[in-house]
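What follows is a set of notes on a single structure, which appears directly below.
The values are calculated or read from the model by the stated rules, or taken from the named source; none is laboratory data. Being a predicted model, the structure only gives us computed values, none of them experimental. Every residue, glycine among them, receives a Cβ derived from its backbone with ideal geometry; neighbour counts consider all protein chains shown. In case anyone asks, the SASA skips ligands and DNA or RNA and just uses the protein heavy atoms, side chains included. Shrake-Rupley method; radii C 1.70, N 1.55, O 1.52, S 1.80 Å.
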Amino acid sequence: MYSRIIGTGSHLPEKILSNHDLEKMVDTSHDWIFSRTGINERHIAGENELASDLAVPASRRAMESAGIEADEIDLVIVATTTPDMLFPSTATILQSKLGIRNNCPAFDVQAVCTGFIYALATADCYLKSGKYRHALVVGTEVLSRIIDWTDRSTCVLFGDGAGAVVLKSGETPGILSSHLHADGSYNPILAAPGRVCNGKIRGSPFVSMNGNAVFKIAVNVLEQVAEEAMQANRMSPSDIDWLVPHQANIRIIEATAKKLSMDMERVVVTVDRHGNTSAASIPLALDHVAREGRFREGETLLMEGVGGGITWGSLLLKW
Ligand code: UT7
């Protein structure tokens, strides 16, 4: 038994914040941002738009492209670093907004930028065991809420958005392997450490990052986890048709592709149009190419991500 992606969808908020807009807000330039990160613009959610609100249109598009109705979903998993509220989970809020009324399980997964990989790997375990038939797996973020817009070292990097897939269990090969990792000793290098305590926020509620340290770790673990996935499936880079990496920085993506000897034409890059959208970045990139009809049935995709924790992981699958 396998689980296979049968539909994708995504949604970006209407408001665009360009690099030139940021030049007016902090001491930065389009050239610095674009040359260091590959980011051109990012989307910013409206004041009252929550992670679940971005997830709704992304999920509807995924269900529409899968050709299934809301009540056929029997598992909802949402990966997010910016949930609507402390509780209930964003997944249950999404379940309600989508009108899924069959009492199926719904829960959140928090692995920051690796969240979508963790969520998809979790759904895969349930589906290939035969327990559920259709899972809705979503990555959705309103990172703009936890960004200090006066800190040029972080505010130019992140954006808001959502991406979703529908997974179906069956005999046709889909997800072939997942490999998940974490090393909690790296917690301090990328965090939003604030916490709610007696009605007040204690500590900074904004993203803080040691960019250089994260960069070096990211390039290493992304190569390692790709090698691990290929070894487990007795494949080499020439067997991978598409690399779908976390969209944080074009230089990290290019360095990983180079280490794997993969031509950039086989690497999905969308970071220029939405920046780092954390758990939403991989499904956003996936949907972009899927909608253009560029993935062919039976092609092999390698998804990989790295993020706060540090967490990292991969999924190798047949389209
Ligand atoms: O999603 C997973 C988590 N995140 C990541 O994967 C991000 C990983 N890290 C990165 O992408 C890169 O480290 C950054 C894009 C964040 C930074 O690029 P860098 O090449 O590592 O630059 P840097 O931190 O070494 O900074 C170089 C200079 C510094 O100035 P000095 O000290 O050399 O005078 C910074 O103050 O660039 C300066 N700087 C800026 N200048 C203009 C930092 N931010 C900006 C800015 N505009 N926005």
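Length gained on full extension, D263 to F34: 80.3 nm, using 0.36 nm per residue less the C-alpha separation.
The packing ranking of peptides 202-209, 21-28, highest mean first, is 202-209, 21-28, where packing means the average number of other beta carbon atoms within 10 angstrom of each residue. Averaged per residue, the stretch 1-76 has 49 square angstrom of accessible surface, using a 1.4 angstrom probe with ligands and nucleic acids left out. The calculated P(r) of the stretch 2-171, using every Cα pair and 5 Å bins from 0, goes 1, 10, 17, 20, 17, 12, 9, 7, 4, 2, 0 in percent.
Selection among M264, P188, C155 by position relative to the dipole of the chain gives P188 as farthest towards the positive end (Cβ unit charges, Cα centre). Here the chain is assigned +1 on the Cβ of each Lys and Arg and -1 on the Cβ of each Asp and Glu. Its dipole about the Cα centre then comes out at about 460 debye.
Surface composition of the chain: carbon and sulfur atoms hold 49% of the protein heavy-atom accessible area at a 1.4 Å probe. One Cα centroid belongs to the stretch 78-129, the other to the stretch 189-214; the line between them spans 23 Å. Residues in the stretch 176-318 average 44 Å² of solvent-accessible surface per residue, probe 1.4 Å, ligands and nucleic acids excluded. Secondary structure note: in the chain, about 75% of the DSSP beta bridges are antiparallel.
Among the GluC sites (Glu not before Pro) in the stretch 44-153, those located in a DSSP loop and surrounded by at most 13 other Cβ atoms within 10 Å of their own Cβ are E47, E69.
For K131, the lysines whose Cα comes closer than 25 Å to its Cα, not counting residues fewer than 8 places off in the same chain, are K97, K168, K318. On the basis of the beta-carbon distance and an R0 of 51 Å, I16 and S129 show a calculated FRET efficiency of 0.75. Taking the Cα centre of the stretch 2-171 as origin and assigning +1 to Lys and Arg Cβ atoms and -1 to Asp and Glu Cβ atoms, the resulting dipole is close to 540 debye.
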